[in-house]
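This report refers to the structure that appears directly beneath it.
The values are calculated or read from the model by the stated rules, or taken from the named source; none is laboratory data. Only a predicted model underlies this, so the values are computations on that prediction, with no experimental measurement involved. Ideal geometry is used to build each Cβ from the backbone, glycine not excepted, and the neighbour counts take in all protein chains shown. Areas reflect the complete protein model, heavy atoms only, side chains present, ligands, DNA and RNA absent. Shrake-Rupley method; radii C 1.70, N 1.55, O 1.52, S 1.80 Å.
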Amino acid sequence: MQRYHELLRNILEKRGIKNIEDAEVFLNPDYERDFHDPFLMRDMDKACVKLFEVIENKEKTVIYADYDCDGIPGAVIFQDLFKKINYSNYEVYIPGRNTEGYGLNEKAIDEFIKNKVKLLITVDLGIAAISEVAKAEVGGIDVIITDHHLPRVDASQGGSASFVLPKAFAILNPKVDDYPEKMLCGAGVVFKFVQGFIKKYGEYFKIKEGWEKWLLDMAGLATLSDLVPLLGENRAMAYFGMKVLQKSPRRGLQKLLSKLNIKQKYLNEDDIGFMITPRLNAASRMDDPFKAYELLATTDEVEAGILADHLTKINDDRKTMVISIMREVNKKLEKRELKEVIVIGNGEWRVGVLGIVASKIVEAYKRPVFVWGKDENDVIKGSCRSDGSVSLVELMSESIDSFLDFGGHEGAGGFSVDGEKIHFLEDALATSFHKVKREMKGEEISYDVRSTLNEVNKKNWSELEKLSPFGLANPKPVFLFESVKIDNIKKFGKNGSGEHLEITFSDKSTEDVKNKIKGVSFFSNQDSFKTKLEEGKKVSLLANFDMSRFKGKEELRLRIIDIL
């Protein structure tokens, strides 16, 4: 490990990478080495043969994709493949978040049967759709499920609970077979399907070896957006995905980046998470998810520009809506005695934005939150988020009689409730909370490196970049700077809004340096931290390195996590 810079070596060792071989693998992803053979998925051969037959017979295929930034890029991967091999008898179907909800629905399947569809391929959904898949198969449609979620479990077996799988023609899901990378996202599974198909039939369709690597922009976008752990094959997918995204010829992506003043060659994971993904997800939250698909799929310059403008506008509308709902939430909660679980809602609130609202309430009130509204069919639906004190699936299972339907995982979920029961939901969940709550650990100051401000330099920045892309299971390294002085506090923001903070810091190591170190904290004010901010005060600072390229000017600064 001595060959590495001391800073990089320390961070690698802290993350359990202690020998040169593991470090080389982590720091230098390799396409041939790190991508597993797609045929390790149990039904891969079966799925490839079926798709080939349908294409050869020019039969009709439907790609049924989820409406988020995992399902939509997955659908684009299929579109790219079909375009490459001149297969045109297919359609992409994306259900409306507010009208149809998540997953396969029987109404849509009835239409597919009527239209003589022969093959239905799901993207990022379908593993729990027992009755819907059965309906399609009975109606003469073969179903290939590509998904990464957990299936339903048959708990009637007592200790030997087993998965209940739909009777689909083929299932590609690493969580239900022996595929080595269990944590692929939905579009990652689609990439493996296309990779397998090209491996088997690429020569037949005259596809040049390695062409599928151009599809990694979509697989990488989804891997970063869906917050799967960036280790193993997922790290390689995100790493090469970023490389392709930085030079991707996709017109819609280019127009969106241009609108956001992001230089494509410098695109990074923060731009994906904070700028691109919210705009793509805004389509399903506020409008029609198909608009996000069209943005990523279009080759038309004019259409790309119109769609980029539209998604930016509705994302701004989404922000305004969330602010308005949060004002109402805070007013209501000020007057209420808070229980262990917060349930709050309004029939006028748009269901598509409630996950964001729930996250904001958890952040402010530090407890599990269930937020509800009404969909277009007047059904009470909502989103829930946990503060870590409880698994939401366990909590909802304990209160199963209160719900019409629910799903999700430990930290996030969705639910629907009968109109008669919504007023009693908070009491029911508060009672159940005590049966399934966990012990919460006290807050610890967690960091990777204790450092001085003098170490915030371009050489160290370039060492840290070798660890990117950052995300779940590979977070940005956190630095602790002790006894630093606040020299200056400045508010900034769009159109003089002052919603962000820029703070200039100095310590003994920077006393002779003219350019003291700037730190930024977005959507913060002087009361957002553990200590009150005052110029001249000495504090401890937790922060990441951050490279700003605003208006073409490169400036290394800190992204503030907390001030103690």
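List the pairs from 84/182; 265/553; 339/435 whose alpha-carbon separation is above 20 Å, in the order I gave them.
84/182
Of 18/213; 14/518; 60/208; 485/518; 107/291, which ones are farther than 19 Å apart at the Cα? Mind dumping the intermediate values first?
On the way: 18/213 31 Å; 14/518 27 Å; 60/208 26 Å; 485/518 12 Å; 107/291 22 Å.
From 18/213; 14/518; 60/208; 485/518; 107/291, over 19 Å: 18/213; 14/518; 60/208; 107/291.
Just to confirm, what accessible area per residue do you get for region 1-49 at 1.4 Å probe, in whole Å²?
For region 1-49, the per-residue accessible area is 56 Å².
Using the Cα gyration tensor of region 71-220, with a ≥ b ≥ c the square roots of its eigenvalues, what is the shape: rounded (a/c below 1.5), prolate (a/b larger than b/c) or oblate (neither)?
Taking the square roots of the gyration eigenvalues as a ≥ b ≥ c, region 71-220 is oblate.
Checking the a/c ratio against 1.5 first, then a/b against b/c, what shape does the Cα gyration tensor give for region 326-389? Mind showing how you got there, number by number?
Numbers: a/c = 1.98, a/b = 1.49, b/c = 1.33.
Prolate, since a/c reaches 1.5 and a/b exceeds b/c.
Calculated from the structure, percent of Cα pairs over 44 Å apart equals which of (i) 39; (ii) 16; (iii) 20?
(iii)
Region 278-384: which trypsin sites (Lys or Arg not before Pro) are DSSP loop and have at most 11 other beta-carbon atoms within 10 angstrom?
Those satisfying the criteria are 335, 336.
Mind listing which chymotrypsin sites (Phe, Trp or Tyr not before Pro) in region 485-564 are in a DSSP loop and have 10 or fewer other Cβ atoms within 10 Å?
Passing sites in region 485-564 are 523.
In Å², what does the accessible area per residue of region 52-109 work out to with a 1.4 Å probe?
Each residue of region 52-109 exposes 35 Å² on average to a 1.4 Å probe.
Under the definition of Cα pairs under 8 Å and six or more residues apart, what whole-number percent is the relative contact order of the chain? It would help to have the intermediate numbers written out before the result.
On the way: 1036 pairs, mean separation 57.2, N = 564.
About 10 percent, as a whole number.
Per DSSP helix of 4 or more residues, -39500 (n - 2.57); summed, then divided by the residues of the chain. What does that give at 222 nm, rounded to the nearest 500?
When only DSSP H runs of four or more count, the value is -11000 deg cm²/dmol.
Give the separation of the Cα centroids, region 449-481 to region 1-55, in Å.
Taking the Cα centre of each part, region 449-481 and region 1-55 sit 22 Å apart.
Within region 344-449, list the GluC sites (Glu not before Pro) lying in a DSSP loop whose Cβ has at most 15 other Cβ atoms in a 10 Å radius.
Taking region 344-449 and a limit of 15 other Cβ atoms within 10 Å, the loop GluC sites (Glu not before Pro) found are 348, 376, 410, 420, 439, 443, 444.
In whole Hz, what ³J(HN,Hα) sequence does region 384-395 give by Karplus (6.51, -1.76, 1.60; θ = phi - 60°), x for Gly and Pro?
Values, residue by residue: 10, 9, 9, 9, x, 7, 7, 7, 5, 5, 5, 4 Hz.
With all protein chains present, how much of the accessible area of the chain (probe radius 1.4 Å) comes from carbon and sulfur, to the nearest whole percent?
Numbers: 13010 of 26860 Å².
Summing carbon and sulfur atoms, their accessible area is 48 percent of the total for the chain.
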